[in-house]
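The values are calculated or read from the model by the stated rules, or taken from the named source; none is laboratory data. On a predicted model such as this, the values are computed, not experimentally measured, just so you know. Cβ: placed from backbone, ideal geometry, glycine included. Neighbour counts: every protein chain shown.
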Amino acid sequence: MTPYALSLRHTSAILGRIVGAIPAERHGEALGENRFTLVEMVAHIADSENVYFERLRGAVERDVPTFDRVDVIARAREGRFTERDIRQELNAFAKRSRATVSFLEALGPEAWAREFVSGIGRTSVERYVAFVSGHDLYHLDQASEYLVR
Amino acid sequence: MNAYLLALRHTPTILERIVDDIPAERYGERIAEDRFSLLEMVCHLADFEDVYVERMRAALKTDGVEVADVDEGQRALDKKYDCRDPHKELEVFANRRRDTITFLEELTDEQLGRSFTKEGLGRVTIKEYLAILSGHDLYHLDQATWHLKAVHGKE
């Protein structure tokens, strides 16, 4: 088995426990002018998981498909992320993340090398999973900031 | 730049914030009998950062080189992890991780394809090892948040 899906296995559990340590009255607080609030961020990461999965599956099933860039701000506004229930979003993220990891763990080496085009340019399944891991850690960093501020 | 570096750069900060949220008197607790305590885990991450970089440097020098396995539990005993200062270890981990990222940022695709061989792991390229290291980070962040949950009682 390739090691590339290892970094995605734990994110949802880590995020759930960090959020559990932050008082509910802070879930609507943003730590910077251009940052998501905690509830928006959790809804965003749950929503993004669907986007990532569709791209990864598309790359495996089709030859170099192209996916439109996603406007995450517009998506948050249209999806009313501020009004979402943070526990439901954490559960949705955990479920979707498990599905992504199961899908990736079943891939053979040739599937990991398949490519697609998205907002970050032409990339492979393997490189995109590394990008997703970086995105996960960026938001775990954001969530952990609430522990000290 | 290899995208795993985006993930690896965040771990020390996240870990420090979690540890700082846990009362010092609980640093010696374990989430399971066969797991490191929180303090030992922080020491392990700081200590093994050098081990990981040495393996990658060895692969760069000699493609396919065999590297030694390291007994994590024995090393913790030998180096007396349980007597260390966690905040000093967090600082060491952050400094070493910065050095690791600086080292990795300069590698070419060809160099990322070089490999080492280790018992129990087989032949691993540097690129694959970055994914393993990222997974290892998250495995231990997962462990740290169990301690956070024990303090706050919620998930």
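A:H10 fails exactly one of the following numbered conditions: (1) within 14 Å of chain B (Cβ to nearest Cβ); (2) more than 17 Å from A:Y138 (Cβ to Cβ); (3) surrounded by 19 or more Cβ atoms within 10 Å (Cβ to Cβ). What is the number of that condition?
Against the list (1) within 14 Å of chain B (Cβ to nearest Cβ); (2) more than 17 Å from A:Y138 (Cβ to Cβ); (3) surrounded by 19 or more Cβ atoms within 10 Å (Cβ to Cβ), A:H10 comes up short only on (2).
Hey, among the residues in the stretch B:7-31 that are crowded, with 19+ Cβ neighbours inside 10 Å and free of Cβ contacts under 8 Å to residues at least 24 places away in the same chain, which one's farthest from A:L147 (Cα to Cα)?
B:H10
Restricting to the stretch B:128-145, name every residue that is under 16 Å from B:S37 (Cβ atoms), facing chain A (nearest Cβ under 7 Å) and surrounded by 20 or more Cβ atoms within 10 Å (Cβ to Cβ).
B:L141, B:T145
Could you pull out the residue among A:I45, A:I22 that is buried (at least 21 other Cβ atoms within 10 Å of the Cβ) and in contact (Cβ under 8 Å) with a residue 40 or more places away in the chain?
A:I45
Could you run through the stretch A:31-71 and say how many residues are over 23 Å from A:L104 (Cα atoms) and among the hydrophobic types (A, V, I, L, M, F, W, C)?
Final tally of qualifying residues: 5.
Table: residues versus (1) touching a helix residue (DSSP H, G or I) at 6+ places or on another chain (Cβ under 7 Å); (2) surrounded by 14 or more Cβ atoms within 10 Å (Cβ to Cβ); (3) more than 25 Å from A:A113 (Cα to Cα); (4) within 14 Å of chain A (Cβ to nearest Cβ).
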site: B:C43; (1), (2), (3), (4): yes, yes, yes, no
site: B:D69; (1), (2), (3), (4): no, no, yes, no
site: B:Q74; (1), (2), (3), (4): no, no, yes, no
site: B:G113; (1), (2), (3), (4): yes, yes, no, yes
site: B:I126; (1), (2), (3), (4): yes, yes, no, yes
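So A:T100 fits all but one of (1) under 20 Å from B:Y139 (Cα atoms); (2) out of contact with any Asp or Glu (no Cβ under 7 Å at 6 or more places or on another chain); (3) buried (at least 19 other Cβ atoms within 10 Å of the Cβ); what number is the exception?
Single failed check for A:T100: (2).
Return yes when B:C83 is loosely packed, with under 12 Cβ neighbours inside 10 Å, of a type in the set (A, V, I, L, M, F, W, C) and either over 26 Å from A:A21 (Cβ atoms) or touching a Lys or Arg at 6+ places or on another chain (Cβ under 8 Å) (or both) and no when it is not.
Here the answer is yes, as B:C83 does meet what is asked.
For the list (1) out of contact with any strand residue (DSSP E or B) (no Cβ under 8 Å at 6 or more places or on another chain); (2) more than 16 Å from B:L148 (Cβ to Cβ), I need the number of the one condition that B:D20 fails.
Every listed condition holds for B:D20 apart from (2).
Do we have A:R35 as more than 14 Å from chain B (Cβ to nearest Cβ), touching a Pro at 6+ places or on another chain (Cβ under 9 Å) and either surrounded by fewer than 24 Cβ atoms within 10 Å (Cβ to Cβ) or not β-branched (V, I, T) (or both) here?
Spelling it out, it is not the case that A:R35 is more than 14 Å from chain B (Cβ to nearest Cβ), touching a Pro at 6+ places or on another chain (Cβ under 9 Å) and either surrounded by fewer than 24 Cβ atoms within 10 Å (Cβ to Cβ) or not β-branched (V, I, T) (or both).
Restricting to the stretch B:1-35, count the residues that are within 14 Å of chain A (Cβ to nearest Cβ) and under 14 Å from B:L141 (Cα atoms).
The total comes to 17.
Answer yes or no: is there a residue in the stretch A:56-74 that is at pLDDT 95 or above, crowded, with 20+ Cβ neighbours inside 10 Å and under 14 Å from A:S118 (Cα atoms).
yes
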